[in-house]
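**Q** Quick one: the structure is below, and I'll ask about it shortly.
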Amino acid sequence: MRINKVTTKTGDKGQTRLGDGTKTGKDDLRIRCLGGVDELNSQIGLSAVAAKPQSVRTELEFIQNNLMNLSGELSIPAKPPTLITQDNISFLESRITVMNEQLPPLKEFILPGGNEFSARLHVARTICRRVESQVVELSQSQLINPDILRYLNRLSDYLFVLARFIGLENGVKESFWEHS
């Protein structure tokens with residue numbers, strides 16, 4: 001789907017169109033899922049501008065493209081194209097494995113934060129968890145590619161591990177939850 005005109009005025013009464021042309025309310029769960037993925041993608045973009053080294057920024061932009069594909073699948077309810085596959089999930093899993101090998105094991109929950117880049121990644125992770133929950137809800141009543149759910153689940157893991165890894169790379173000491 002290509003956007004030729006941003007202001008169409010078709011949404012002025014709370015309606016919008018999906019990728020297949022189906023008209024639906026802007027309060028529809030599928031639209032909320034799409035909005036959540038858009039928010040997640042924007043937060044990853046905000047994170048990426050603070051990314052150093054460039055290879056991490058490139059990796060995050062690759063993930064942003066995957067999220068656009070994920071939105072493409074969600075926007076076509078009847079016969080969605082399969083754009084998110086096990087290969088996308090395997091990429092995240094391999095990156096998690098590589099970073100985890102260099103991280104100390106967790107013995108306690110950490111407080112989200114670290115440096116600015118890590119903190120942005122933690123925000124992206126929490127958005128990802130909310131989006132995953134919304135897509136799970138959608139999958140209970142409509143057919144969704146199960147790899148989308150696996151991808152979102154793995155993406156939140158990836159964002160958490162990347163936030164820790166970036167902190168370690170920058171000499172930032174993790175803050176642990178001090179429970180009473």
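The values are calculated or read from the model by the stated rules, or taken from the named source; none is laboratory data. This structure is a prediction, so every number in the text was calculated from the model and none was measured. Please note: Cβ atoms are built from the backbone with ideal geometry, for glycine as well, and neighbour counts cover all protein chains shown.
**Q** Pull up segment 102-151, narrow it to residues that are basic (K, R) and over 21 Å from S90 (Cα atoms), then point me to the one that is modelled with the lowest pLDDT.
**A** Once the filter is applied, the top-ranked residue is K107.
**Q** May I ask you to list pairs of residues, at least six apart or on different chains, whose Cβ atoms are under 8 Å apart, with the first in segment 76-92 being over 22 Å from L162 (Cα atoms) and modelled with pLDDT of 90 or more and the second being in a helix (DSSP H, G or I) and hydrophobic (A, V, I, L, M, F, W, C)?
**A** L83/L70
Listed here are the residues, each with its yes/no results for (1) surrounded by 17 or more Cβ atoms within 10 Å (Cβ to Cβ); (2) of a type in the set (V, I, T); (3) touching a Leu at 6+ places or on another chain (Cβ under 7 Å); (4) within 14 Å of L70 (Cβ to Cβ).
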{"residue": "V135", "(1), (2), (3), (4)": "yes, yes, yes, yes"}
{"residue": "S141", "(1), (2), (3), (4)": "no, no, no, no"}
{"residue": "I144", "(1), (2), (3), (4)": "yes, yes, yes, yes"}
{"residue": "I148", "(1), (2), (3), (4)": "yes, yes, yes, yes"}
{"residue": "L159", "(1), (2), (3), (4)": "yes, no, yes, no"}
{"residue": "A163", "(1), (2), (3), (4)": "yes, no, yes, no"}
{"residue": "G167", "(1), (2), (3), (4)": "yes, no, no, no"}
{"residue": "N170", "(1), (2), (3), (4)": "no, no, no, no"}
{"residue": "K173", "(1), (2), (3), (4)": "no, no, no, no"}
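**Q** A further question follows. Of all residues in segment 81-103, how many are in a loop (DSSP other than H, G, I, E, B) and either surrounded by 19 or more Cβ atoms within 10 Å (Cβ to Cβ) or of a type in the set (A, V, I, L, M) (or both)?
**A** Number satisfying all stated conditions: 3.
**Q** Tell me which residues, restricted to segment 4-50, are of a type in the set (D, E, K, R), at pLDDT 90 or above and assigned to a helix (DSSP H, G or I).
**A** Once the filter is applied, which keeps residues that are of a type in the set (D, E, K, R), at pLDDT 90 or above and assigned to a helix (DSSP H, G or I), segment 4-50 yields R30, R32, D38, E39.
**Q** What are the pairs, 6+ residues apart or on separate chains, where a residue within segment 110-139 that is under 14 Å from L34 (Cα atoms) has its Cβ under 7 Å from a residue that is of a type in the set (D, E) and modelled with pLDDT of 95 or more?
**A** From residues that are under 14 Å from L34 (Cα atoms), the pairs are I127/E39.
**Q** A further question on this structure: Which residue out of L168, L149 is of a type in the set (A, V, I, L, M, F, W, C) and in contact (Cβ under 8 Å) with a residue 40 or more places away in the chain?
**A** Of the residues listed, the single one that is of a type in the set (A, V, I, L, M, F, W, C) and in contact (Cβ under 8 Å) with a residue 40 or more places away in the chain is L168.
**Q** Then there's this: Identify all residues within segment 104-125 that are in a loop (DSSP other than H, G, I, E, B) and closer than 25 Å to G45 by Cβ; write none if there are none.
**A** Within segment 104-125, L111, P112, G113, G114, N115 meet the criteria.
**Q** If I filter segment 14-30 for residues that are of a type in the set (A, V, I, L, M, F, W, C), within 21 Å of N153 (Cα to Cα) and without any contact (Cβ under 8 Å) to a residue 40 or more places away in the chain, do I get at least one hit?
**A** There is no residue in segment 14-30 that is of a type in the set (A, V, I, L, M, F, W, C), within 21 Å of N153 (Cα to Cα) and without any contact (Cβ under 8 Å) to a residue 40 or more places away in the chain.
**Q** With the requirement that a residue be free of Cβ contacts under 8 Å to residues at least 40 places away in the same chain and part of a helix (DSSP H, G or I), what does segment 51-66 give you?
**A** Passing the criteria: Q54, S55, R57, T58, E59, L60, E61, F62, Q64, N65.
Listed here are the residues, each with its yes/no results for (1) farther than 20 Å from S133 by Cβ; (2) among the β-branched types (V, I, T); (3) surrounded by 11 or more Cβ atoms within 10 Å (Cβ to Cβ).
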{"position": "G19", "(1), (2), (3)": "yes, no, yes"}
{"position": "T22", "(1), (2), (3)": "yes, yes, yes"}
{"position": "N41", "(1), (2), (3)": "no, no, yes"}
{"position": "S55", "(1), (2), (3)": "yes, no, no"}
{"position": "T58", "(1), (2), (3)": "yes, yes, yes"}
{"position": "Q64", "(1), (2), (3)": "yes, no, yes"}
{"position": "L70", "(1), (2), (3)": "no, no, yes"}
{"position": "K107", "(1), (2), (3)": "yes, no, no"}
{"position": "G113", "(1), (2), (3)": "yes, no, yes"}
